[in-house]
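These notes concern the structure reproduced below.
The values are calculated or read from the model by the stated rules, or taken from the named source; none is laboratory data. Model, not experiment: these values are computed from the prediction. Here the Cβ positions follow ideal geometry from the backbone for every residue, glycine too, while neighbour counts run over all protein chains shown. Note: areas computed on protein heavy atoms with side chains; ligands, DNA, RNA excluded. Shrake-Rupley method; radii C 1.70, N 1.55, O 1.52, S 1.80 Å.
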Amino acid sequence: MQEELKLHEYVRIFLRDIFKNKFIIAAVTLLFLLVGVLYVSWQTVTNTYNAKTTIYTAYGTTTQETAMAASAMTGYSDIITSRKVLERAEAIIGDSKISASSIKKMISTSFNKSSTVMTVTAASHNPSVSIRVSNAVAEAFVAEMQMITDSDRIQVLDRAEDVRISNNGFTGLVKTVVGFGLAGMVLTMAVIVISVLFSNKIITVEQCMDIEEDDVLGIIPFVK
């Protein structure tokens, strides 16, 4: 019971001191916010753009042929990151600044439920690069699949023509500033809590009873 009372009293003192020093906490939080604003002012707002190209498996004359074509596309989907496909995509783009290794870092793939449509997504800080890479990789993959399967059932369905922002750089900078402010507030509150924990002030009646010296003349009760 004494431990519960002690914890309760400490929590009360923490809240009291935090409220008492609310203006200091606000001032430090504002200071950290200003530091955050100065920090992000040196940063560049960089968005990440996604462009998507879809590849499909044409339906065959029978269900079995369609299933085999879809199975081939999903089974060979890993070759989209192969050196051969990436180098072919690099040649299609024809830009010395966009290498096969950089293309590999940009792309990802996904399938629809029936595995008959594969989406190739290219992510880049440059919207134009996203579109070019997405389309080039799709074309390179289709060309490679036609050579492997000796069939033209796998084709590009929709080429990428626009992009969407997947990561807003401005939002990221705002979050950074808010993070600075929260850090300042938490740090100030932590200092207040630590000062209470290591304070020599008497907080509870039980602490008076534990004093072995004869310096305590009496205890003034707390009355609400």
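Just a few scattered comments:
- Taking a sphere under 15 Å around the Cβ of residue 166 and counting the other residues whose Cβ falls inside, with K and R at +1 and D and E at -1, yields a net charge of +2.
- Accessible area per residue was computed with a 1.4 Å probe on protein heavy atoms; residue 115 scores about 40 Å².
- Heavy-atom accessible area, probed at 1.4 angstrom with all protein chains present, ranks 33, 86, 197 as 197, 33, 86, highest first.
- In the stretch 51-166, lysine pairs closer than 23 Å at Cα, eight or more apart or cross-chain: 9
- Heavy-atom accessible area order for 87, 139, largest first, 1.4 Å probe: 87, 139
- Inter-label distance for residue 149 and residue 39, nm, one decimal - labels placed 7 Å from Cα along Cα-to-Cβ: 5.1
- Largest accessible area first, the listed residues 106, 73, 68 line up as 68, 106, 73 when surface is computed with a 1.4 Å probe on the assembled protein chains.
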